[in-house]
Every structure is written in C-alpha cells, then in structure tokens.
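The values are calculated or read from the model by the stated rules, or taken from the named source; none is laboratory data. Since this is a predicted model, take the numbers as computed values, not measurements. Methodologically, a virtual Cβ is constructed for each residue, glycine included, from the backbone with ideal geometry; neighbour enumeration extends over all protein chains shown.
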Amino acid sequence: MDGVIMHHVALWTAAFLTLGIISFLYRDNAWYKFCEAVFIGISAGYWFVSYFWDNLYGKLWLGIFPTDPTQPPDYILLIGGALGVMMLLRLIPKIGWLSRWPLAFIVGATAGLNLIIYFASNVMVQVEDTIRPLFGANYAASAYDIVGNIVVAVGTFTALIYFFFSKEHKGAFGGAAKVGIFVLMVTFGASFGYTVMSRISLLLGRIDFLMGDWLGVIK
Amino acid sequence: MTGVTCRCISRAHLPWLVIILAATLLFPSVSSGETNTAFVGVVGDTVPPAPVTSLIASDRKYDNGEAIDLTWVPSIDDRLLHGKVIGYRIYRSENGGEYKKVGDAGKGDSQFSDETVSHGNRYVYYVVAVGPGGQAESIHTAPIIAEREWINFNRKYLFLIGLIIAGSVVYFIETARRGKKLFIRRIAGLEAVDEAIGRATEMGRPILFISGTQDMDNVQTIAGITILGHVARTIADYDTKIRMPVSRSLVMTAARETIKTSYLAAGRPDAYSDDMVNYVTDEQFGYVAAVNGIMVREKPATCFYLGAFFAESLIMAETGYSIGAIQIAGTAMPTQLPFFVVACDFTLIGEELFAASAYLSNEPKQLGSLKGQDVGKAIALAVMIIGTIAVTVGQSWNIDLMNNIADWLNSVFKTN
C-alpha cells in the first residue's frame, strides 16, 4: 500500500516539475523559479555527496588506507590529496595564492597530455584516412562512389584552407576558403537536422510520460 | 518420452527412413562438407588432432609491458574440409604457477595476443588444438617477460612532425619577439568582441560569459578562460558588469583568478568581486535552467559562449536570442556548432576558438604558436594532396612509383 502511495507521489511530483520547467516556454514565472531552485539544489547536493564518496573516500582514502591487507597503500595519491588541500587554501587570504599551484598543474598536465592525443587523432589519422584513390583501374567503384570521393577530398582540402590564419582569404586562396566554409555549412545543416530529430525524441519521451504514465491517456 | 518417440516415428514413416538411409550410404559425396565433418566428428572420430607446431611467444615491441604475442603453425589437421580442429585454447603460467586458460583462437588462426600480462612477470604458454575426437597440447614456450620500453619507435614520424611544428612555433615566437609583425587574417567573430562589450556598457546591462560545461581538463574550457582574460580586461576598462555562472568548481577558481588578474592589469583591482563568478551545479540541465533564469531576469546585453558544449548549447543560445542579446559563441564540438551558427550573431568555428586568444592579445608567444600551427596544417594539406594524387594515378595507370609514394605517406601518418 505504501509502495502504491509513494509511486503516485513520485509520479505527481515528476509531472509537476516537468510542467514547471516547460512553463518557461511561456515566460519566466514563480513555478519555473521553484522548479529551477529544486533542480539546482538537489543536483548540487547530489554531486557533492557523489564526489565525496567516489573520489575523496573511494579513491584517496581507500587508496592510502586500503581495507584489503594484501593491497599495498598507494602513496602517490598523497600528491593529489595535497593539491586538493592547496585548493582549499583560498579560504585563507594570506596564503590563498597557493591555490594557483594545483590549477597550474591541471592546466599544464591537460595541455601536455592532450597535445599528443589530439595530434594523433585529429591530424595523423585524418591525413591517413584522406589518402584514398578517387578512381582507378584497380579500384572498383561506381560513378556515385567516385563523385563521393571527389567531394570528400575537395571538402577536406578546402575546409582546411579556411582554417589557415597566416594568409588573407583573397584570390584563389580565398575562393578555396569560400568553398571550404560552404562545405562546413552543408555539414552543419545535415548535423542540425539529425540532432533536432534526436531532440524531438526527447520531447516525445516527456509527452509520453505526461500523457501515458501520468494521465493515462496513451496506453 | 517413449510414447512421444512412438508417435513421431510411426509405421507410415518407415519407408521414407529406409530411402534416406540408403541414399546416405550410396551417395555420401552429395552431403555438404560441413555436415560430413560434423557427422564424422560426433560419431566416428575418436582421434585427437595433431598439435600446433613452432609456437613462439614474443614480447610486443615498443609498448608499456602490457602484451605478449603468440604465433604458431596451425595443426596439420586444421583444414576447411574434413578437418579435425574446431579451435584453439591458450594456456598460461605466471611466475611458475599453475596453467590457466587466457583465451581462445578460432579454427585457422595462427596468432593470439595476450593483453592481460603485467610487466616484470615471467610467463610460459602452450596452445591446445581442440577437435571432436579430443585435444592435443603443444610444446611449452620458453619463459618470457613483458618488458617496458622507454620509446615507442612506431611513433617516430609523429615525433618528427611534432618536432617540425614545435620548431616552427619557437621560430615564429622568436621572430615576433624581435619585433617583426606577424600577419593574422581577420576573424569576424573576434572583431565583434569589443563592440559587444561596448554595447553592454552603453545599455547599462551586464555581460554573460559561459565557458562551457566541461572542466579544466578540457582544452576548449582553457581556450574559453583565456579569452575571458581579454574580455575581462576590456570590461574593467569600460566599467561594465560581468556575470559568469559555472558548472565546475575548478572552472570557478580559474575564472576568478583570470578576472582578478585582468582587473589588476587594468589598474582597477578595487572593482573586482568574487561574486562575478559563481558555481551553480555540475548537473548539465540544472545548470542550463539556472543560466536561462539569469538571462531572462538580468537581461544581459551580450552573451559569450566559449568552450565545450553539449545539448545545452541551443537551449542557452535560443534564450539569449529571445532577450535580444548580442551573442558570440565558439566551440570545437562539431555537433553543437550548427546550433550556435543558427542562433548566435557570431560563431567561432573549431580552430578559430583556439586562435582567438592569440588574435585578441597580439602577444608574441600566442601569435608564434598560431603561426607554428599553420605550418602543421600546411604540411598536412600538402601530404593529403600529394598522397591522393599519387594513389589515384598509381592505381589508374599501375605506376609503381606513385603507389610506393602513397604507401610511404600512409605509413608515415599511421599512428599504431
């Protein structure tokens, strides 16, 4: 019996909050403000608890003081812990400058690690994949494939030209850059349509909840 | 159960069964090879297949001591037709311990990669050929240790190209430091930054700055925060109000430091307040709900969206559009760019976001870096054009030289 009551309470709460958020489409109002505050408060609290148990306790504490006696303590985690404490030193104005060190560490490490990852995946792989025959005797391809290959090759070359910053987009270079931005816009158009369809499916999911689970109009 | 059998094979079926049995005995070759093999395997074959030979275990080169590769010559009974092998099992002993199965290989296979090893441990392997009639164990390999290598020579070309680009960056930085003016083409979205800040000043409304929803370990967020430095400097000069809700605590700290430094550089440290940047929540749509609320209540004259975005991009940009704000966006997320393009006044597409800070600051270090990256793009473009022409001509007219050029270029840019 309690389960049924709780189910209905949860259902009506979810419907109330869903309609409250959707009411923003009309204008900002007290109902939306209430739902917004509930959403932000609950999610901020949730993430605080989640980070505490997953990171501070689950990784740092149990890593340094493992409950399994066969597992050696991982003292390198103390460096991370120390950086975390340094972040909190912002609360003490006199030594608050120390909080810049962990930030510098994160930004530096991110830049260094991503340099290789991005260079390998966004440059090397892209170049390797672009070196393909457009047509040829040993390459059995239909006219459709050949046109597709040419479009891909020309699109890649010209789009790359658009992203050159050292040269003014004038003359033949500017013409190629214009083709490049045209290719990008066509790609964006296709991507736009595709993504909008996925958003429509999200909307349908909410309508299905309201009309089906809540009101029971749709079975 | 007996009753069921009696009902299925009744007297009426007997003549058919006799015909099928006779046909099978008289014309065995009519049956397919696969059926025949299965038949032999299930009923007739009690002889195990021959074992694999020449089993060799080798440490994978240029890795972090994480894999051992096995090769062997398949069992002589491993044939497509009438073969006795249905697959292989790989067993491993670690540091002299008991043998445990670590994987399977299919019929016809002659190699296996064990990627579950730990560097420094000693491993011995053997392979078992499995057939319907039994199984046969190969000889054991010599003990092998997965070694860690300092340098991955498979990526030597990656290193070389990286070195060329890094060298170009250093060269251009030095050139800029010596006072030579480096040309950077006009980027429309960035030309509008100062104008947008000026508009907010004239209207007496705040500027909203969103640096995406990702943390400081995302290069787009770092790019957004770098541009924030320039924007904050201009805001400090104009004495305009900035509002920056963030969804990550580290971004909040970094953004506060950046704005504080900009106010200090503008000679207005007294005008800085920590309240300019505030944390909302890590939850993506909770954050969006808050940003939308801020937009409709405080009606900022200018909105900047510079960083990494996901589904929230259009929701925020549409709300910004509805309040009549000038909107400047920039991201390298391909799926979100279309939304910014349709809903914002100016959009920095991909690389333009990373070029923005160099463009705005005109600092030698950043300009040199941008120029160096252009050298990298020029190399990539040249290789793609030459490679595509070479492979197309080579394959169309069977010209070995062209095919070799294309193969070499492909190998240079292969990362694994």
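I'm trying to understand the selection: among the residues of the range A:103-120, which are more than 20 Å from A:Gly81 (Cβ to Cβ) and either at the interface with another protein chain (Cβ under 8 Å from one of its Cβ atoms) or surrounded by 13 or more Cβ atoms within 10 Å (Cβ to Cβ) (or both)?
A:Ala111, A:Asn114, A:Leu115, A:Ile116, A:Tyr118, A:Phe119, A:Ala120
Among the residues of the range B:121-146 satisfying the criterion of being over 36 Å from the mean Cα position of the chain (by Cα) and in a strand (DSSP E or B), which is surrounded by the most Cβ atoms within 10 Å (Cβ to Cβ)?
Taking the candidates together, the pick is B:Ala129.
Collect the residues in the range B:246-287 that are farther than 12 Å from B:Asp215 by Cα and among the charged types (D, E, K, R), keeping them in residue-number order.
B:Arg256, B:Glu257, B:Lys260, B:Arg268, B:Asp270, B:Asp274, B:Asp275, B:Glu283 - these are the residues of the range B:246-287 that are farther than 12 Å from B:Asp215 by Cα and among the charged types (D, E, K, R).
With (1) more than 25 Å from B:Thr234 (Cα to Cα); (2) at pLDDT below 90; (3) surrounded by fewer than 18 Cβ atoms within 10 Å (Cβ to Cβ) as the list, and B:Glu363 as the residue in question, which single condition is left unmet?
The one condition B:Glu363 does not meet is (1).
Regarding A:Phe39, is this residue surrounded by 15 or more Cβ atoms within 10 Å (Cβ to Cβ), within 24 Å of the chain's Cα centre (by Cα), within 30 Å of B:Ser322 (Cβ to Cβ) and not assigned by TED's automatic domain parsing to the domain that holds A:Arg206?
yes
Hey, can you tell me all the residues within the range B:316-331 that are surrounded by fewer than 20 Cβ atoms within 10 Å (Cβ to Cβ) and within 12 Å of chain A (Cβ to nearest Cβ)?
B:Glu318, B:Ser322, B:Ile323
Kindly provide the set of residues from the range B:221-240 that are buried (at least 19 other Cβ atoms within 10 Å of the Cβ) and closer than 16 Å to B:Pro206 by Cβ, ordered by number.
Within the range B:221-240, B:Leu228, B:Val231, B:Ala232, B:Thr234, B:Ile235, B:Ala236, B:Thr240 qualify.
All but one of (1) of a type outside the set (A, V, I, L, M); (2) over 24 Å from B:Ser313 (Cβ atoms); (3) modelled with pLDDT under 95 hold for A:Gly205; which doesn't?
Failing condition for A:Gly205: (2).
What single numbered condition from (1) surrounded by fewer than 23 Cβ atoms within 10 Å (Cβ to Cβ); (2) charged (D, E, K, R); (3) under 32 Å from the mean Cα position of the chain (by Cα) fails to hold for B:Arg248?
(1)
Would you point out which residue out of B:Ala390, B:Ala378, B:Ala329 is part of a helix (DSSP H, G or I) and in contact with a helix residue (DSSP H, G or I) (Cβ under 7 Å, 6 or more places away or on another chain)?
None of the other options fit; the residue is B:Ala390.
Check B:Phe209, B:Phe183 and return the single one that is surrounded by 19 or more Cβ atoms within 10 Å (Cβ to Cβ) and not β-branched (Val, Ile, Thr).
B:Phe209
So is A:Ile150 more than 9 Å from chain B (Cβ to nearest Cβ) and under 26 Å from B:Asp374 (Cα atoms) or not?
Considered against the rule, which asks whether it is more than 9 Å from chain B (Cβ to nearest Cβ) and under 26 Å from B:Asp374 (Cα atoms), A:Ile150 comes out as yes.
Can you find, within the range B:286-310, the residue that is surrounded by the most Cβ atoms within 10 Å (Cβ to Cβ) among those that are part of a loop (DSSP other than H, G, I, E, B) and within 13 Å of chain A (Cβ to nearest Cβ)?
Here the residue is B:Phe309.
Taking the range B:273-285, which residues are within 14 Å of another protein chain (Cβ to nearest Cβ) and either part of a loop (DSSP other than H, G, I, E, B) or crowded, with 22+ Cβ neighbours inside 10 Å (or both)?
B:Val277, B:Val280, B:Thr281, B:Asp282, B:Glu283
When residues of the range B:287-328 are filtered for being small (Gly, Ala, Ser) and touching a residue at least 40 places away in the same chain (Cβ under 8 Å), how many remain?
6
Checking the condition among the small types (Gly, Ala, Ser), more than 13 Å from B:Thr141 (Cα to Cα) and surrounded by 16 or more Cβ atoms within 10 Å (Cβ to Cβ), which residue from B:Ser75, B:Ser93 passes?
B:Ser75
Being among the aromatic types (Phe, Trp, Tyr), part of a helix (DSSP H, G or I), touching a Leu at 6+ places or on another chain (Cβ under 7 Å) and not assigned by TED's automatic domain parsing to the domain that holds A:Phe16 is the requirement here; does A:Phe209 meet it?
The answer is no for A:Phe209.
Could you tell me how many of the residues in the range A:66-102 are among the polar types (S, T, N, Q) and surrounded by fewer than 10 Cβ atoms within 10 Å (Cβ to Cβ)?
2
Would you confirm, using the coordinates I've provided, whether A:Phe52 is over 30 Å from A:Gly205 (Cβ atoms) and without any contact (Cβ under 8 Å) to a residue 12 or more places away in the chain?
When the stated conditions are applied, A:Phe52 passes them.
May I ask you to list the residues in the range B:251-272 that are within 25 Å of B:Gly198 (Cβ to Cβ) and surrounded by 20 or more Cβ atoms within 10 Å (Cβ to Cβ)?
Once the filter is applied, which keeps residues that are within 25 Å of B:Gly198 (Cβ to Cβ) and surrounded by 20 or more Cβ atoms within 10 Å (Cβ to Cβ), the range B:251-272 yields B:Ala255, B:Arg256, B:Thr258, B:Ile259, B:Ser262, B:Tyr263.
Could you check how many residues of the range B:376-388 are touching a residue at least 12 places away in the same chain (Cβ under 8 Å), farther than 16 Å from B:Glu352 by Cα and surrounded by fewer than 22 Cβ atoms within 10 Å (Cβ to Cβ)?
Adding up the residues that qualify gives 3.
When residues of the range A:36-73 are filtered for being in contact with a helix residue (DSSP H, G or I) (Cβ under 7 Å, 6 or more places away or on another chain) and not in a helix (DSSP H, G or I), how many remain?
Residues flagged as in contact with a helix residue (DSSP H, G or I) (Cβ under 7 Å, 6 or more places away or on another chain) and not in a helix (DSSP H, G or I) within the range A:36-73 amount to 1.
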